[in-house]
1. Suppose R0 equals 41 Å; then what is the FRET efficiency for residue 111 and residue 10 from their Cβ-Cβ distance, rounded to the nearest 0.05?
2. Take every DSSP beta bridge with both residues inside the stretch 1-121 and express the antiparallel ones as a percent of the total, to the nearest 5.
3. Residue 62: net charge of surrounding residues, Cβ under 15 Å, Lys/Arg +1, Asp/Glu -1, itself excluded?
4. Any chance you could list P(r) for the chain, counting all Cα-Cα pairs in 10 angstrom bins from zero, rounded to whole %?
5. Scan around residue 117 for amide H atoms under 5 Å from its own, H built in the peptide plane at 1.01 Å from N, and keep only partners 5 or more places away or cross-chain.
6. Using just the helices of the chain, give the 222 nm mean residue ellipticity in deg cm²/dmol: DSSP H runs with n ≥ 4 each add -39,500 (n - 2.57), and the total is spread over all residues, rounded to 500.
7. What are the ³J(HN,Hα) couplings of the stretch 17-28, residue after residue, when phi is run through the Karplus curve with 6.51, -1.76, 1.60 and θ = phi - 60°? Round to Hz, x for glycine and proline.
8. With everything on Cα atoms, drop me the angle between helix 39-54 and the longest principal axis of the chain, reported from 0 to 90° to the nearest 10.
Amino acid sequence: MRSIIGSTINTLRKTNILLDELSNEQLSNCSVPPYYSSIGSHIRHILDFYDCILSIEEDIVDLTNRKRDESVERYTESANIYLESVIERIKDIPLELNKEINVIDDLGMGKIEIKYTFSSLLAQANSHTIHHYAIINYILNGLNLEFKDEQFGLNPTTPKKIPN
């Protein structure tokens, strides 16, 4: 079961590689339609999601209670510090991964409480991260920036395209 930890860290390390290639201006650029969001806002959102998970109290995780530190959206150094903090906390997860927990989230009709296992919440976070990487890929494309990772933003179960 500890493989969910390795998978999570492996996915998050892609953020580290990306941040090393971006300037602060590129990280915070909000000029790409249709949503005008920045790469930094997606990275901050990903890390805030993990921070919520890692801030579990009395077997409750509140995914609506996020930090939203805007410096993470604007400065690669801030984003890298936050990323490393999240990764170190993931490495030190003290909980039994199959332990049942309660997760509070807002799915569009107000807050609700849902039962998960801690490992299923980490799996959701990993998929959530990959989803945001796909959005980041669109922003990179709109900014005419290339990130040399063909799997960035692709779910591992996505069928591979076979060249003609």
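Every number here is computed from the coordinates shown, using simple stated rules; none is lab data. The shown structure was predicted, so the numbers you read here are calculated from the model rather than taken from an experiment. With ideal geometry, Cβ positions are generated from the backbone for all residues, glycine too; neighbour counts draw on all protein chains shown.
1. Between residue 111 and residue 10 the formula returns 0.85.
2. 75
3. Summing Lys/Arg as +1 and Asp/Glu as -1 gives -3.
4. 10, 38, 35, 16, 2, 0
5. Amide H neighbours of residue 117: 101.
6. The helix contribution divided over the chain gives -17000 deg cm²/dmol.
7. Here the 3J(HN,Hα) series is 5, 4, 4, 5, 9, 9, 8, 4, 5, 5, 4, 9 Hz.
8. Tilt of helix 39-54: around 10 degrees.
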